[in-house]
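Colleague: First the structure, which I've put down as structure tokens, then a few questions once you've had a look.
The values are calculated or read from the model by the stated rules, or taken from the named source; none is laboratory data. Given the structure is predicted, the values throughout are model-derived calculations rather than measurements. In this analysis, Cβ positions are derived from the backbone assuming ideal geometry, glycine residues included, and neighbour counts consider all displayed protein chains.
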Ligand SMILES: NC(=O)c1ccc[n+]([C@@H]2O[C@H](COP(=O)([O-])OP(=O)(O)OC[C@H]3O[C@@H](n4cnc5c(N)ncnc54)[C@H](O)[C@@H]3O)[C@@H](O)[C@H]2O)c1
């Protein structure tokens, strides 16, 4: 990684892409970002993310869709690719499956085909997801267990992950797929639970809770995810690795105990019916991450949530 000349980040205006970009730029890397600024959530938030990256002269931005960008220009001079561009979110994926297929599967396929022809030797890191596992009771989730996605979004993330593996086994592309588990922290997407909870608290509104709150999630702080990304080119080619936070918690516990402590405010809850596609529990087995990336999550739930709360307060003022 230290010898890397120029890193390409797809989805660089997004939550994780911009956080990774900032870390690499701060370390002196040259970064080319591509993003088509989809309207899945506020473009203002994406522009604010980009504005931070644009402070660095070594950042170059391409506002284009991976489905129609000129790949030769995009990949010129690049020696490491982080492929994070995607249409995220479980709930919307029921109604707009074609959009998910386009951004998650077709865009990945086009990128991989171009890499195979133009620069088959550069490492490619794909942002996969815990959603590939589905609603399984086999906990903690191991990379070797059967994947059975529970939402159309999960189906597209698994299809793209399989494409990445195909290009590794058939054409020798140097790939690593990282399965992120519910990422949180500053710049989190506004459709994600913590962002919604904290914004409701800030605006003194009831916090929306889908279902009975007994569902649990393995929450992963953004700087831990970024660290795993930075280390991932050292993993064996073709690997698939969980990136969890080691902070599994039920939403009920979070709302009753952690949120009041972090925000120092009273929390009112509004219960909303459970959403199709939401799984009961997630928890990452981190053995592979520890073995191949020497990865251990560093930031716990309270500490990370406090950072997100401070960011929410700044961002909405
Ligand atoms: N946030 C999480 O908790 C989480 C968990 C598991 C996996 N992931 C994966 O991590 C990646 C980043 O997630 P995020 O939360 O930062 O999402 P995000 O929506 O904030 O970022 C994704 C970015 O990709 C861009 N994009 C989408 N399709 C594109 C295309 N065809 N061409 C160019 N740009 C395109 C979007 O405009 C967006 O800015 C995604 O692949 C997502 O599936 C995220």
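Colleague: Out of 125, 132, I need the residue that is without any contact (Cβ under 8 Å) to a residue 60 or more places away in the chain, within 12 Å of the ligand (Cβ to nearest atom) and over 18 Å from residue 38 (Cβ atoms). Which one?
Modeller: On the way: 125 fails: without any contact (Cβ under 8 Å) to a residue 60 or more places away in the chain.
None of the others qualify; the one that does is 132.
Colleague: Can you say whether residue 8 is in contact (Cβ under 8 Å) with a residue 24 or more places away in the chain, away from the ligand (no atom under 12 Å from the Cβ) and surrounded by 23 or more Cβ atoms within 10 Å (Cβ to Cβ), as far as the supplied structure shows? Even if it seems obvious, please write down each step before you answer.
Modeller: On the way: in contact (Cβ under 8 Å) with a residue 24 or more places away in the chain: yes; away from the ligand (no atom under 12 Å from the Cβ): no; surrounded by 23 or more Cβ atoms within 10 Å (Cβ to Cβ): yes.
It is false that residue 8 is in contact (Cβ under 8 Å) with a residue 24 or more places away in the chain, away from the ligand (no atom under 12 Å from the Cβ) and surrounded by 23 or more Cβ atoms within 10 Å (Cβ to Cβ).
Colleague: Only one of (1) touching a helix residue (DSSP H, G or I) at 6+ places or on another chain (Cβ under 9 Å); (2) away from the ligand (no atom under 16 Å from the Cβ); (3) not in a helix (DSSP H, G or I) fails for residue 259. Which number is that?
Modeller: (3)
Colleague: Of the numbered conditions (1) exposed (fewer than 13 other Cβ atoms within 10 Å of the Cβ); (2) touching a helix residue (DSSP H, G or I) at 6+ places or on another chain (Cβ under 9 Å); (3) at pLDDT 95 or above, residue 314 fails exactly one; give the number of that condition.
Modeller: Result: residue 314 fails condition (2) only.
Colleague: Would you confirm whether any residue within the stretch 16-28 is in contact with a helix residue (DSSP H, G or I) (Cβ under 9 Å, 6 or more places away or on another chain), under 18 Å from residue 114 (Cα atoms) and touching a residue at least 12 places away in the same chain (Cβ under 8 Å)?
Modeller: Going residue by residue through the stretch 16-28, those that are in contact with a helix residue (DSSP H, G or I) (Cβ under 9 Å, 6 or more places away or on another chain) are 16-25, 27.
Retained after the next criterion (residues that are under 18 Å from residue 114 (Cα atoms)): none.
Within the stretch 16-28, not a single residue is in contact with a helix residue (DSSP H, G or I) (Cβ under 9 Å, 6 or more places away or on another chain), under 18 Å from residue 114 (Cα atoms) and touching a residue at least 12 places away in the same chain (Cβ under 8 Å).
Colleague: Do you know which residues across the stretch 266-289 are surrounded by 13 or more Cβ atoms within 10 Å (Cβ to Cβ) and farther than 30 Å from residue 94 by Cα?
Modeller: 267, 286, 287, 288, 289
Colleague: For residue 62, work out the one condition from (1) surrounded by fewer than 19 Cβ atoms within 10 Å (Cβ to Cβ); (2) closer than 19 Å to residue 182 by Cα it doesn't fulfil.
Modeller: Unmet condition: (2).
Colleague: Restricting to the stretch 271-301, what's the tally of residues that are part of a helix (DSSP H, G or I) and under 18 Å from the mean Cα position of the chain (by Cα)? Steps first, please.
Modeller: Taking the stretch 271-301 as the starting set, the residues that turn out to be part of a helix (DSSP H, G or I) are 287-293, 301.
So of that shortlist, the ones also under 18 Å from the mean Cα position of the chain (by Cα) come out as 289, 293, 301.
Final tally of qualifying residues: 3.
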